Amino acid sequence: MLYATLKHVRWRRVLYLLGSTFLVSALAFYNRYPLMFSDSGTYIRQAFLLEPPADRPIGYSLIIRAVTWQSTLWTVVLFQGLMLSWLLYETLKKVLPAKVSTWRVHFLLVVVLMLVTSMPWYAAQIMPDIFTPMIALVIFLLFRAPELGVAKRGFLWTCLFFFLITHNAHVAMAVLLLGGMALVKLIGRHRLAWPRFWPNLMGMLVVLFSGVAFISWYNGQHGMRPVFAPTANVFLSARLCENGMLGDFLDEHCGMRNYSLCPYKDELPMAPVNFIWGDNSIATKLGPKLTVADSLLAPVVHDLLLDPEYMGRFVRSSMVASIVQLFQVSAASGLSPYEQGSAPYMEMEQRLPWELSSYTTSMQANGAWWDLGFANRVVRLAALLSICLLAWHRRSWMAHKELRYLIPLLLTWVVLNAVVTASLANVFDRLQSRVAWLVVLAACLALLQTAWGKRLLEKPEFRAA
């Protein structure tokens, strides 16, 4: 009898999570097709060819390959929605009292996040950005939820491996986070009282460096340098163009060293994107491929960053850019109607021609998301109110044995995203908006610890069955 009851409860939970998957992915269905960004075409192409692009890791394309069966992109957004819904559900199980109905709070939380944050816009996109916030939830569960069992924890470790290698920034963010946690554990005034902290930390570092080694090996097997980011010097050079740093360095040193950039020192753009992309970009002029340009740019990047004066300028510039990046919060970015001739259109036409009509008749393809002014205002207001709520009710959530760890972890991840992307790439609203909703998530969880939140959870409809 008990076994039958538990089995029934388990199946109800599975059915609920499957249903909530469609809710999290609802924007894709409302759009009539998954949302696209300009980079989506590259990920789709590499999912079919299994050839690593020079400017990003192959991880997200491997996920697309695994869940699409090379037949549809709908399963990509459904997978992203399922993973996000499940991670939120497991997180709530960890932080809510046993007497509270987890699925009811989960449903309410998902609805709030869908209405007032950027979460649904990234969950519905063929882009790896939705995995950035998911990594923070995976790390929390691996550290704080040993009761999940072997199967779930094994799945979380697998997810951590693949999520980390979906974007270059994830590796740097994870290194900084895990290094900071180790430091707090060793010398912090309030040490992290987490179960099996060091084994879990070592396991995460093994997963992290295994991912780096895998991507490096994969790149080497396809004719590129066997490194994680074979075009890192290209992106760093583009970043160093800002504030005239690279131009000043070349003016000062081109008389002594014949850098490959010297002939172009008076043509350097101020915007990093113009350095890398376009037929007339500096990277294109240096070589037909980004990997060629990277080799040519390596000496000047190396020498500039070893120069104390310019390294100081870079650090100061990165600090300012990181603060600016923190405030780049919007509902979504770059949802243009990518028409015939664009990378997403060409890949859809070549790889998934049977879905091209759905793509071309979607709301995005007809310019529905050009103006997201109202949605942006809602998202920004929600983020501001969330910060105020977290500060005002700090004592309430700090008294909770799980939230006192989860909320700082989420906020730290948001800050690290700003620091890494602004320092190594550029200030861009979509790079920060992909994780900004974690602040609202943290505020919702904190709100449940207030007197109002506790009264809400005590209502009969929120009691566990």
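None of the figures in this text is laboratory data; all of them are computed from the coordinates on show. Note that this is a predicted model, so its numbers are computed, not measured. Every residue, glycine as well, gets a Cβ built from its backbone with ideal geometry; the counts of neighbours run over all protein chains shown.
Descriptive notes on the structure:
- Here Trp392, Trp86 are placed in order of increasing Cβ neighbour count within 10 Å, fewest first, which gives Trp392, Trp86.
- The stretch 340-389 shape via C-alpha gyration tensor axes, a/c threshold 1.5: prolate
- C-alpha center-to-center spacing [the stretch 48-75, the stretch 160-218] in angstrom: 25 Å
- DSSP-assigned coil residues among trypsin sites (Lys or Arg not before Pro) in the stretch 133-227, each with at most 16 further Cβ atoms within 10 Å: Arg189, Arg191, Arg196
- Selection of chymotrypsin sites (Phe, Trp or Tyr not before Pro), the stretch 3-78, meeting DSSP coil and at most 10 other Cβ within 10 Å: Trp69
- More than 18 Å apart - percent of Cα-Cα pairs taken over the stretch 339-429: 69 percent
- Cα centroids of the stretch 83-144 and the stretch 386-412: 16 Å apart.
- Semi-axis lengths, Å, the stretch 1-159, gyration tensor of Cα atoms, sqrt of 5 times eigenvalues: 29, 18, 15
- Highest to lowest packing among 233-242, 168-177, 342-351, scored as the average C-beta count within 10 Å: 233-242, 168-177, 342-351
- Loop trypsin sites (Lys or Arg not before Pro), the stretch 372-401, which have at most 11 other Cβ atoms in a 10 Å radius of their Cβ (DSSP): Lys401
- For the stretch 179-338, radius of gyration divided by Kirkwood radius, i.e. Rg to Rh on alpha-carbons: 1.06
- Cα-Cα separations in the stretch 232-306 greater than 15 Å, expressed as whole percent: 46 percent
- Intensity falloff of the stretch 293-337 expressed as log10 I(q)/I(0), Debye formula with alpha-carbon point scatterers, at q = 0.16 Å⁻¹: -0.68
- Rounded to whole Å, sorted largest first: equivalent-ellipsoid semi-axes of the chain, Cα gyration tensor: 39, 27, 21
- Rg/Rh for the stretch 167-230, where both radii come from Cα atoms and Rh is the Kirkwood radius: 1.13
- Residues with amide H under 5 Å from that of Val100, placed H, sequence gap 5 or more: Ala464
- In terms of other Cβ atoms within 10 Å, Phe428, Phe314 run from fewest to most in the order Phe428, Phe314.
- Residue exposure proxy: Ile64, Ile44, ordered by other Cβ atoms within 10 angstrom of their Cβ from fewest to most, comes out as Ile64, Ile44.
- Percentage of interatomic Cα-Cα distances in the stretch 1-91 larger than 22 Å: 42 percent
- Paramagnetic reach from Asn280 (point 7 Å along Cα→Cβ, amide N under 15 Å) across the stretch 219-249: none
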